[in-house]
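Down below is the structure, laid out as structure tokens.
The values are calculated or read from the model by the stated rules, or taken from the named source; none is laboratory data. Bear in mind that the values here come from a model prediction, so they are computed numbers and not experimental data. Note: ideal-geometry Cβ built from the backbone for every residue, glycine included; neighbour counts use all protein chains shown.
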């Protein structure tokens with residue numbers, strides 16, 4: 001009953017909105033879960049769905065342990081679907097509008113200490129895979145890249161003259177990200193080994209031993225391997241490197257807007273989670289900046 005419109009909607013997201021496969025997978029999972037719920041309560045058509053059905057499904061998923069953040073994402077997926085159906089007059093109102101997710105405590109992002117990162121990023125090996133992994137870690141931490149951005153990075157997106165990357169982020173939005181001298185050295189060393197795996201036609205910066213674009217799972221496994229070999233007593237994963245990049249830049253610069261641009265966040269509120277500076281730092285800023293805190297000369 002729902003399949004034709006769903007297939008059209010997913011194709012719309014893929015071709016017109018140009019959403020990534022990862023985002024499409026999330027939309028499909030969220031929406032198909034809701035459709036299964038509707039079918040179990042014998043709702044058989046789009047016009048039969050109302051806001052109470054959406055609320056009941058959100059409540060049900062919350063009782064099953066889904067976080068507020070995940071439910072909010074699910075509701076966003078449904079709102080997009082119903083907005084699409086409204087445009088083509090399949091429904092008269094959007095039943096997901098006005099339905100909110102239960103609030104959940106927002107966790108502070110995990111970060112690695114600068115000392116641990118320096119230790120992790122010291123690989124004095126000439127093995128081609130180790131050289132590749134070093135360049136991967138330098139870009140994840142040195143540029144704050146998302147895993148998908150790293151995987152999708154092509155050779156022509158590197159500007160060696162300006163030392164920047166032209167990165168394609170969420171929603172196919174592009175941004176320019178600078179990279180530093182350590183990343184330059186790591187990348188040049190990797191490009192000296194990369195030809196061992198690929199021919200001239202492969203555009204991916206990072207490839208597997210088979211010469212194909214490296215997979216997300218492979219990057220995750222290699223980070224885990226190096227963290228273990230370096231004796232780090234915690235799980236290291238790609239997004240932890242991005243969190244650490246943002247936190248360390250913000251601690252040093254106190255420039256939230258700059259960090260927002262570097263991370264490619266659409267909203268400043270997303271970036272504000274990194275403002276978890278310790279109280280001593282806050283006290284120093286207060287003492288240095290507030291007129292009532294300054295000592296009289």
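When the stretch 9-43 is examined, which residues are found to be in contact with a helix residue (DSSP H, G or I) (Cβ under 8 Å, 6 or more places away or on another chain) and farther than 21 Å from residue 75 by Cβ? Listed by number, the residues that qualify are 14, 18.
For the stretch 44-71, the set of residues classified as buried (at least 17 other Cβ atoms within 10 Å of the Cβ) and part of a helix (DSSP H, G or I) consists of 46, 53, 54, 57, 58, 61, 71, listed by residue number.
Among the residues of this structure, residue 120 counts as one that is buried (at least 16 other Cβ atoms within 10 Å of the Cβ) and assigned by TED's automatic domain parsing to the domain that holds residue 243.
Look through 257, 234, 222 and report the one residue that is closer than 15 Å to residue 120 by Cβ, touching a helix residue (DSSP H, G or I) at 6+ places or on another chain (Cβ under 9 Å) and surrounded by fewer than 16 Cβ atoms within 10 Å (Cβ to Cβ). Even if it seems obvious, please write down each step before you answer.
Values: 257 fails: closer than 15 Å to residue 120 by Cβ; 222 fails: surrounded by fewer than 16 Cβ atoms within 10 Å (Cβ to Cβ).
Checking each option against the conditions leaves just 234.
Outside the structural domain of residue 148 (by TED's automatic domain parsing), touching a residue at least 40 places away in the same chain (Cβ under 8 Å) and in a loop (DSSP other than H, G, I, E, B): is that true of residue 96 in this structure?
Details: outside the structural domain of residue 148 (by TED's automatic domain parsing): yes; touching a residue at least 40 places away in the same chain (Cβ under 8 Å): yes; in a loop (DSSP other than H, G, I, E, B): yes.
Yes, satisfied.
Residue 83 passes every criterion in (1) at pLDDT 90 or above; (2) outside any helix (DSSP H, G or I); (3) surrounded by fewer than 16 Cβ atoms within 10 Å (Cβ to Cβ) apart from (2). Residues in the stretch 135-168 that are without any contact (Cβ under 8 Å) to a residue 40 or more places away in the chain, closer than 29 Å to residue 115 by Cβ and in contact with a helix residue (DSSP H, G or I) (Cβ under 8 Å, 6 or more places away or on another chain): 163, 165.
Selection of the stretch 142-183 for residues being at pLDDT 90 or above, buried (at least 16 other Cβ atoms within 10 Å of the Cβ) and in a helix (DSSP H, G or I) yields 147, 148, 149, 150, 151, 152, 157, 183.
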